[in-house]
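Written out below as structure tokens is the structure these notes cover.
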Amino acid sequence: MSTEIYYFSGTGNSLYIAEEMQKKLGDSKLIPIVSLLKDDIIETHGETVGFVFPLHGMTVPIPVKKFIDKVNLKSSQYSFAIATRGGTKCFAFHKIDKMLKGKGRCLDSYFYLNMLSNDPKFEVYDVPTAEIIEKMEPGIQNQLDLIKEIIMKMEKCRKVDSEFIAPSGFVLERLVLFGMFIAEHFRLKDYFYSDKKCNGCGTCAKVCPSQKIKIVDGKPIWENKIQCYMCYGCLNYCPQQSVQISSKWFMKSYTEKNGRYPHPYASAKDMSENK
């Protein structure tokens, strides 16, 4: 059974999961979603086709939506999706099913993986320690083993999401989803900036999947004409922790005092090669 795993990752959680699934499934190929977005039509070639991505604002990331719009799944007999998340509710699979319906398809299986959050803009944010990461790993591997068995047998698995851990309510959910709508359909200006700790190393520009960041006179510039994918790669991979989220988008942004979390098994170099 040939398998293609299409993935998008901003700070490494989903890249790590995609790589682990590739190992477990054997005859499989990893393909970065961002590398295909310039194509008018994206043709798959695997009998089994999977999508791995993080939740952004409880839903599908901007580049993954662009990908689903263009993808042709005629080669596939079976399709699945894995969403990594910091514990929030997931509305992504319903959205993907709705998008695929016009192509006469739907996801055969989908899965949720609670992982560690890469979002330090809120007041309460604890940087994951090596001990926490190590403690979580056996549970993640057990889940991946179960997912592998389902995929290998081409079984259907469309369970209702009951494992989210972050509290929410109808109003908060709608506000978050509306925020993602704004990010997708409008160019966010001055969302990120670099403070005086910036040394001009250019890491933020290298990891940016939308190529929105340019280094000008030794400082990063987020170009307004280019869409931001809201992946927070620039924020979390900056070695100096100089990239910040502007308080103009929130009552207060706490990134200046909070730490950062890129996945320990996904380096800045790994992320820069996923474009």
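The values are calculated or read from the model by the stated rules, or taken from the named source; none is laboratory data. Bear in mind the structure is a predicted one, so any value in this text is a computation, not a measurement. Because the Cβ atoms are built from the backbone with ideal geometry, glycine has one as well, and the counts that use them run over all protein chains shown.
The rows are residues; the columns are (1) touching a residue at least 40 places away in the same chain (Cβ under 8 Å); (2) surrounded by 14 or more Cβ atoms within 10 Å (Cβ to Cβ); (3) touching a helix residue (DSSP H, G or I) at 6+ places or on another chain (Cβ under 8 Å).
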residue	(1), (2), (3)
78	yes, yes, yes
109	yes, yes, yes
125	yes, yes, no
138	no, no, no
142	no, no, no
160	no, no, no
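The condition of being closer than 18 Å to residue 18 by Cβ, in contact (Cβ under 8 Å) with a residue 24 or more places away in the chain, of a type in the set (Val, Ile, Thr) and assigned to a helix (DSSP H, G or I) holds for residue 68.
Answer yes or no as to whether residue 155 is farther than 30 Å from residue 193 by Cβ, modelled with pLDDT of 95 or more and part of a loop (DSSP other than H, G, I, E, B). Yes: the conditions hold for residue 155.
Checked against (1) of a type in the set (Val, Ile, Thr); (2) within 27 Å of residue 130 (Cβ to Cβ); (3) out of contact with any strand residue (DSSP E or B) (no Cβ under 8 Å at 6 or more places or on another chain), residue 216 passes all but condition (2). Do we find that residue 264 is loosely packed, with under 14 Cβ neighbours inside 10 Å, assigned to a loop (DSSP other than H, G, I, E, B), of a type outside the set (Ser, Thr, Tyr) and at pLDDT 95 or above in this structure? The answer is no for residue 264. Within the stretch 189-209, the set of residues being at negative phi, at pLDDT 95 or above, part of a loop (DSSP other than H, G, I, E, B) and under 22 Å from the mean Cα position of the chain (by Cα) comprises 208, 209.
Can you find a residue that is part of a loop (DSSP other than H, G, I, E, B) and either within 23 Å of residue 127 (Cβ to Cβ) or not small (Gly, Ala, Ser) (or both) anywhere in the stretch 174-181? Checked against the condition, which is being part of a loop (DSSP other than H, G, I, E, B) and either within 23 Å of residue 127 (Cβ to Cβ) or not small (Gly, Ala, Ser) (or both), the stretch 174-181 yields no hits at all.
From the list 119, 126, the one residue that fits, being among the charged types (D, E, K, R), under 20 Å from residue 173 (Cα atoms) and either assigned to a loop (DSSP other than H, G, I, E, B) or under 17 Å from the mean Cα position of the chain (by Cα) (or both), is 119.
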